[in-house]
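The structure under discussion appears below in the form of structure tokens.
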Amino acid sequence: MLVWVRRILVTAVTGTALAIPGGLGSAVAQPVAPSGIALNFPAIGGVEIGPGGVPGGSLQPVTVIAAPAAHIAQHPPAPPAVQFTVPDPAPYHYQYPYRYLSVSWRNLETGKVGEVQLRHWRLPDYPIDGYPSTLPTTAIAHTGAGPIVATVTVLRTQWEAAPLPISVIPGLNIVAV
């Protein structure tokens, strides 16, 4: 009876049923599925000429999916966040280690801004060097609650210079968190 009452209490407080075998101090936080929908952010890559080109040629779409990030039922609750994911990374090509994606976001309610960088291609079976090869294909941005506007830009690293945006059309979308 006592365990049943504890489950009801935890469910009422957190909105999630947690199994509490021994007492309130022994509860283990479980991930809570994110609410909302996933939105695609297609960005169109730039003109690919000559030896610097990649498979598929010029003006390739690169898609990033944005969805409210899963959170753990805990007290105090973690701030809302957005998870940005490259759903189907391109197969490795020797020109890809010079390219990556930059996702810039702004919370329209709070004014908070940020940026996450993602790799949009698969790693090869052997080690490679370079900044883009260290990037993940999924990243979480701690945006806070509210409407989030995000853009995706395709960038190319350059020798001894700042990265150069090569996207012709950057992806743009709004996510409610």
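The values are calculated or read from the model by the stated rules, or taken from the named source; none is laboratory data. Predicted model, so just to flag it, every value in this text is computed and none were measured. To get the accessible areas, we keep the full protein, side chains included, count just its heavy atoms, and leave off ligands, DNA and RNA. Shrake-Rupley method; radii C 1.70, N 1.55, O 1.52, S 1.80 Å.
For every residue, the table says whether it meets (1) assigned to a loop (DSSP other than H, G, I, E, B); (2) modelled with pLDDT of 90 or more.
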{"position": "83", "(1), (2)": "no, yes"}
{"position": "88", "(1), (2)": "yes, no"}
{"position": "93", "(1), (2)": "yes, no"}
{"position": "106", "(1), (2)": "no, yes"}
{"position": "110", "(1), (2)": "yes, yes"}
{"position": "126", "(1), (2)": "yes, yes"}
{"position": "145", "(1), (2)": "yes, yes"}
Kindly establish whether residue 173 is of a type in the set (S, T, N, Q) and open to solvent by less than 40 Å² (accessible area, probe 1.4 Å). no
Only one of 79, 136 is at pLDDT 90 or above and not in a strand (DSSP E or B). Can you tell me which? 136
Go through segment 95-104 and count every residue that is in a strand (DSSP E or B) and of a type outside the set (Gly, Ala, Ser). 4
Taking residue 153 as the residue in question, decide whether it is assigned to a loop (DSSP other than H, G, I, E, B), of a type in the set (Ser, Thr, Tyr) and open to solvent by less than 60 Å² (accessible area, probe 1.4 Å). no
